[in-house]
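Colleague: Below are the structure tokens for one structure; questions will follow.
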């Protein structure tokens with residue numbers, strides 16, 4: 001990573017900005033969670049062909065995308081959730097609302 005990239009990241013993080021790309025969503029809002037989920041999904045889908053890339057890193061980004069998307073739904077529905085990375089726990093908070101319908105998935 002070049003010195004300019006490090007400077008940009010440091011400068012943006014020091015100001016409390018969520019990313020290098022502009023995001024008009026308020027930090028912690030449903031829109032912010034969804035934008036972050038989309039960013040992780042983009043990274044998970046774009047596997048670099050270079051040697052030294054670990055597939056585990058793409059799997060991590062895929063899990064993060066799912067987690068942040070669920071947190072976006074919970075935030076939108078104004079449902080509080082614990083600080084966790086457990087997808088089962090997060091989904092257990094969403095499913096009783098009926099917002100997500102998985103019935104067609106299991107036919």
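Taken together, the values in this text are just the output of simple stated rules run on the coordinates, not laboratory data. For clarity, every value in this text was computed on a predicted model and none was experimentally measured. Using ideal geometry, Cβ is built from the backbone for each residue, glycine included, and neighbour counts are taken over all protein chains shown.
Colleague: Compute the length gained on full extension between residue 102 and residue 84: take 0.36 nm times their separation in residues and subtract their Cα-Cα distance, giving the result in nm to one decimal. Can you show the working numbers first?
Modeller: Values: separation 18, 0.36 × 18 = 6.48 nm, distance 2.28 nm.
Extra length available between residue 102 and residue 84 comes to 4.2 nm.
Colleague: At residue 53 and residue 38, where each label point lies 7 Å from the Cα along Cα→Cβ, what is the point-to-point distance in nanometres?
Modeller: The modelled label-to-label distance comes out at 2.3 nm.
Colleague: So what does log10 I(q)/I(0) come out to for segment 24-98 at q = 0.16, 0.25 Å⁻¹, using the Debye formula with one equal point on every Cα and no solvent?
Modeller: Result of the Debye calculation: -0.60, -1.10.
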